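Report on one structure; see the data block that follows.
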Amino acid sequence: MAEELGRQFEIPDSVKVTEGNGGMPRVVLTHESGSSAEVYIHGAHVTSWKDAEGKELFFLSGESNWAIDKPIRGGIPVCFPQFSGQGSLPPHGFARDRDWGLRRTEVLSNGIVTAELQLTETAETLELWPHQFALGLRLMLDEDALTLQTQVTNTGSQLFDFQLALHTYFSVEDIHRVSVHGLEGIVFIDSLKDGARETESRSSIRFKEETDRIYVDAPDSLRVKDEATGRAITIEKRNMPDAVVWNPWTAKAQRMPDFGDDEYLRMVCLETGTIETRPCVSPGNRWQGETTFSIQGQDR
Ligand code: TA6
């Protein structure tokens, strides 16, 4: 499959399609600056984003599954049409554990390298969720930024609503030296306290225990700072009102078969999506949302 996709979508020096882990087809985007990103056809799952010096910015578990019916652990799982266990579907919905279609690759005139993938309903998804849809993901790789544009189109005859989130795992040197910024004063739903709602009092969120919070109507610009490396990543979202901060810490890490017991030390999730608000899309209409990750030195 990788070979066939390669013939159709490869662009010399910019886009390659190779066999990745588990023999799964993987699209590798390379920007002229040397930055790169990888996305698997499985789940349209971004598994890597490296800066121009080749430093990996996303976390990928060494224990991840690479199977057609399981999600990859790490990178950016696409959660759709349900977030977490907030409904009758499998946790985080079905989009992340099935193959999508690679639709288009392109190098724009400004040098940005793009790849577009799409998931549409199947007999299986209709069993789970009785709606016809087209879920699109467009990656845009620039020198020091990666944008994910998401689009949900109702291709059926009935109105539907959904949740969508980009469940991004950032790589960090040591979770004890990490902070998340931009959420002070925002109401969050604490998934560890039966969904209790509280207001974030900290301008700099640090980690010393399991943390699992959905920040409702969060500001569109957030930051993850990794003090150990001096690197900060800015996350800018559009039409994705909510943000999730998650680290499993020790006990949950040990309960996750596709996650190393000590891997919680080297990751933090700062997720963007529409979770509290479930957009309604009428037949023939669409919802769009996007998130841009950009690299900054901490002094900026
Ligand atoms: O985004 C946080 C969360 O909902 C946590 O509750 C935890 O379950 C995490 O997602 C991972 O979920 P997964 O189904 O990928 O194991």
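Of note:
- Taking the average, over residues, of other Cβ atoms within 10 Å as the packing measure, peptides 233-246, 84-97 rank 233-246, 84-97 from highest down.
- The listed peptides 57-67, 266-276, 5-15, ordered by packing as a protection proxy, come out as 266-276, 57-67, 5-15 (highest mean of other Cβ atoms within 10 Å first).
- Solvent-accessible area, 1.4 Å probe, carbon plus sulfur percent, for the chain: 43 percent
- Summed over the residues of segment 185-300 and divided among them, the accessible surface reaches 44 Å² per residue at a probe radius of 1.4 Å.
- The string of couplings for segment 118-130 from the Karplus curve (6.51, -1.76, 1.60, θ = phi - 60°) is 9, 10, 10, 5, 10, 4, 5, 5, 5, 4, 7, 8, x Hz, one whole number per residue in order, with x for Gly and Pro.
- Whole-angstrom gap from segment 87-115 to segment 263-280, using each part's C-alpha centre: 17 Å
- For segment 139-240, the dipole from Cβ point charges (+1 on Lys and Arg, -1 on Asp and Glu) about the Cα centre works out to 100 debye, to the nearest 20.
The values are calculated or read from the model by the stated rules, or taken from the named source; none is laboratory data. These numbers were taken from a predicted model, which means no experiment stands behind them. No Cβ is skipped: glycine too gets one built from the backbone with ideal geometry, and neighbour counts run over all protein chains shown. To get the accessible areas, we keep the full protein, side chains included, count just its heavy atoms, and leave off ligands, DNA and RNA. Shrake-Rupley method; radii C 1.70, N 1.55, O 1.52, S 1.80 Å.
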